[in-house]
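The values are calculated or read from the model by the stated rules, or taken from the named source; none is laboratory data. Source: prediction; values computed, not measured. Quick reminder, even Gly has a Cβ in these numbers, built from the backbone with ideal geometry, and neighbours come from all protein chains shown.
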Amino acid sequence: MKTAALNSEDLRSPMFWAVSASALTALVAGLGLLGFLIAESVPVFQRQGLSFLTGAEWFGPDEFGAWPMIYGSLATAFVASLFALPVALGSAVYTAEFLSPKPRLAVKAVMEYLAGVPGIVYGLLGMTLLAQWVRNVFDLIDGNSIFTAGLLLAIMILPTVTTLSEDALRAVPRRYRETAWSLGMNRVATAFCVSLPMALPGICGAVFLGVGRALGETVAVMLVIGGLDRVPVPWFNLFAPGQSIPSKLGREAAEALGGGYHWHALMTLGLVLFVLALCLSLAGRWFLTRQRSA
Amino acid sequence: MSDQTPAVELRIAHVFFKNRRVLEDLNRRFPSRSATAIYGPSGSGKTTLLRTLSRMNDDVEGFRVEGRVLIEGENIYSKEVDASRLRRKVGMLFQKPCVFPKSIYQNVVFGLRHRDGIDRKALPEMAESVLREVRLWDEVKDRLNEWAPTLSQGQQQRLALARLLILEPKILLMDEPTSSLDPRSVEAIEALIERHSKLRAILLVTHNLEQARRVCDEIVFMDCGRFLESPPLPHSSPAGEELLNY
């Protein structure tokens with residue numbers, strides 16, 4: 001890792017070594033986690049190869065298929081994005097471009113508070129209110145479904161995406177807005193033709209972080225997704241019960257703990273989730289870096 | 001608008017930022033086809049005056065105008081006046097050039113593309129015409145699709161001016177447009193001010209008295225948020241001494 005040029009005085013400073021150790025700890029923790037997951041997944045890939053990823057049945061003790069859980073995770077994240085993103089982006093544009101400072105700060109404070117509410121609280125509300133609502137509105141036997149989980153995730157990620165997108169919009173220097181105004185453009189045109197395109201990389205970063213949270217949410221999803229390890233038939237029937245990777249891990253980790261092939265299969269699921277989240281995180285970071293350098 | 005109607009007429013009692021009075025007692029008419037330099041020391045209120053004329057401070061907390069600002073006879077601070085409609089008549093060029101992260105061509109036609117009733121086929125020709133006006137055409141004609149932020153500061157300022165001129169504003173507000181620019185850009189902008197002062201009203205904020213004398217029909221002195229009948233005394237501001245020599 002390349003560091004800034006250091007002189008001998010820097011190298012003698014205990015603070016330098018303290019912060020270096022902290023950075024190293026974070027790096028070791030991340031790599032250690034990835035290494036541990038890979039090591040625990042080796043027996044699964046040795047026995048099943050890539051059929052673990054494509055298999056549709058999760059039957060122990062010798063054969064496990066992760067596809068229903070991968071599908072469930074991607075489907076819930078898709079539904080969450082579908083509902084959350086338009087609302088979050090609209091809200092961010094309105095807050096950043098049209099609200100005066102005091103109401104804007106009030107909205108920001110509420111959004112940031114909501115972003116920090118624990119998943120279990122959302123899960124309980126989803127179980128008691130949202131699942132019932134989905135069941136009644138769509139005339140289902142059971143309101144616990146992939147769609148319900150996606151909708152709940154949409155509500156959960158909405159504040160995160162809104163507040164980060166708003167930050168990205170506010171980061172667009174005022175001089176660009178004033179230049180657009182000086183050309184006779186109104187505020188709506190300025191917001192959509194100047195601010196939004198310039199903030200797009202940051203907004204994409206916010207979206208990726210939000211979707212990353214949706215992918216990783218465990219308890220709230222576990223309470224409303226239905227807990228069925230099946231890809232729905234037809235595959236786009238989102239009102240069927242399903243399973244996501246985190247909810248599967250949440251349900252079975254305790255009983256499989258201590259070794260055995262079941263445990264390795266769950267750890268491999270964890271590795272798949274880690275890789276999915278890592279890809280999203282890297283994509284988000286790439287967009288954010290682009291915005292900063294713009 | 002008849003030629004007798006001033007392009008800008010100020011009847012400003014006070015302009016405030018919160019409780020701070022930044023402009024006061026500004027009463028003056030600016031004719032429709034002439035260039036007027038506004039000259040004064042830093043902090044004298046020149047930029048605030050230009051921003052007031054284009055309503056750029058509308059969303060600045062605590063900003064308020066007591067009095068009237070008439071553009072072509074219409075009080076721009078009355079509730080009926082839409083700020084964006086006003087700014088189609090009153091274009092403003094800022095001190096620091098600001099180009100959008102788009103191509104040179106897209107920058108030139110940016111404002112025009114967002115207007116209704118524009119013949120899009122005519123845009124390239126119009127772009128060429130204004131780029132020639134600001135003496136930028138020869139420098140960029142072979143790279144119109146290149147990224148505008150890669151241009152030099154002087155080129156960016158001339159591009160920003162072309163972007164304004166293509167909209168044909170009746171009043172052009174220029175806030176120290178040549179400060180820290182290369183001589184070539186300064187010369188191009190000064191020549192343009194001279195030519196366009198016969199077509200539209202130009203208000204030029206400048207710290208360069210020689211420039212004001214070269215290109216403007218009239219010089220207005222400002223200090224402490226007021227117009228001065230005569231240049232300020234040397235001790236009142238750094239610009240005072242230079243003004244006395246004028």
Per the filter on the range B:66-82, residues touching a Phe, Trp or Tyr at 6+ places or on another chain (Cβ under 8 Å) and surrounded by fewer than 18 Cβ atoms within 10 Å (Cβ to Cβ) are B:Glu66, B:Arg68
Taking the range A:51-79 and the residues there that are in contact (Cβ under 8 Å) with a residue 40 or more places away in the chain and in a strand (DSSP E or B), the one that is surrounded by the most Cβ atoms within 10 Å (Cβ to Cβ) would be A:Phe64
Exactly one of A:Leu209, A:Leu278, A:Leu196, A:Leu249 is within 23 Å of the chain's Cα centre (by Cα) and under 26 Å from A:Ala131 (Cβ atoms), and that residue is A:Leu249
Any residue that is within 13 Å of chain A (Cβ to nearest Cβ), within 15 Å of B:Leu173 (Cα to Cα) and at pLDDT below 95 - is there at least one of those in the range B:33-43?
no
Expected output for the range A:1-13 (first residue at pLDDT 80 or above, partner aromatic (Phe, Trp, Tyr), Cβ below 8 Å, 6+ apart or cross-chain) is A:Asp10/A:Phe16
In the set A:Leu105, A:Leu124, A:Leu82, the lone residue that is surrounded by fewer than 16 Cβ atoms within 10 Å (Cβ to Cβ), more than 16 Å from A:Ala214 (Cβ to Cβ), within 22 Å of the chain's Cα centre (by Cα) and not small (Gly, Ala, Ser) is A:Leu124
Considering the range B:107-135, residues that are more than 18 Å from A:Ala180 (Cβ to Cβ) and in contact (Cβ under 8 Å) with a residue 40 or more places away in the chain, and then whichever is farthest from the other protein chains (Cβ to nearest Cβ), we arrive at B:Arg135
Scanning the range A:215-228 residue by residue, those in contact with a Lys or Arg (Cβ under 9 Å, 6 or more places away or on another chain) and surrounded by fewer than 21 Cβ atoms within 10 Å (Cβ to Cβ) turn out to be A:Gly227
Quiz item: Yes or no: A:Ser41 touching a residue at least 60 places away in the same chain (Cβ under 8 Å) and within 30 Å of A:Glu166 (Cα to Cα)?
Solution: no
Considering the range A:135-155, residues that are part of a helix (DSSP H, G or I) and without any contact (Cβ under 8 Å) to a residue 40 or more places away in the chain, and then whichever is nearest to A:Pro68 (Cα to Cα), we arrive at A:Arg135
Residues in the range A:265-285 that are under 21 Å from A:Ala29 (Cα atoms) and in contact with a strand residue (DSSP E or B) (Cβ under 9 Å, 6 or more places away or on another chain) total 3
- Output yes when any residue across the range A:201-214 is within 30 Å of B:Lys89 (Cβ to Cβ) and either surrounded by fewer than 20 Cβ atoms within 10 Å (Cβ to Cβ) or at pLDDT below 95 (or both), and no when none is. no
Selection from the range A:233-265 of residues touching a residue at least 24 places away in the same chain (Cβ under 8 Å), hydrophobic (A, V, I, L, M, F, W, C) and not in a loop (DSSP other than H, G, I, E, B) yields A:Ile245, A:Leu249, A:Trp263, A:Ala265
Among helices (runs of 4 or more DSSP H) completely within the range A:169-232, the ones holding 1 or more residues that are charged (D, E, K, R), more than 30 Å from B:Thr52 (Cα to Cα) and more than 11 Å from chain B (Cβ to nearest Cβ) are A:196-216
Screening B:Val99, B:Val90 for residues that are within 11 Å of chain A (Cβ to nearest Cβ), touching a Ser or Thr at 6+ places or on another chain (Cβ under 9 Å), of a type in the set (A, V, I, L, M) and within 24 Å of B:Asp217 (Cβ to Cβ) leaves only B:Val90
Report task. Determine whether B:Asp82 is without any contact (Cβ under 8 Å) to a residue 12 or more places away in the chain and either among the β-branched types (Val, Ile, Thr) or within 13 Å of chain A (Cβ to nearest Cβ) (or both). Result -> yes
| request: Take B:Arg64 and decide whether it is away from chain A (no Cβ under 11 Å), over 18 Å from the mean Cα position of the chain (by Cα) and part of a strand (DSSP E or B). | output: yes
Subset of the range A:75-130, residues away from chain B (no Cβ under 14 Å) and acidic (Asp, Glu), comes to A:Glu112
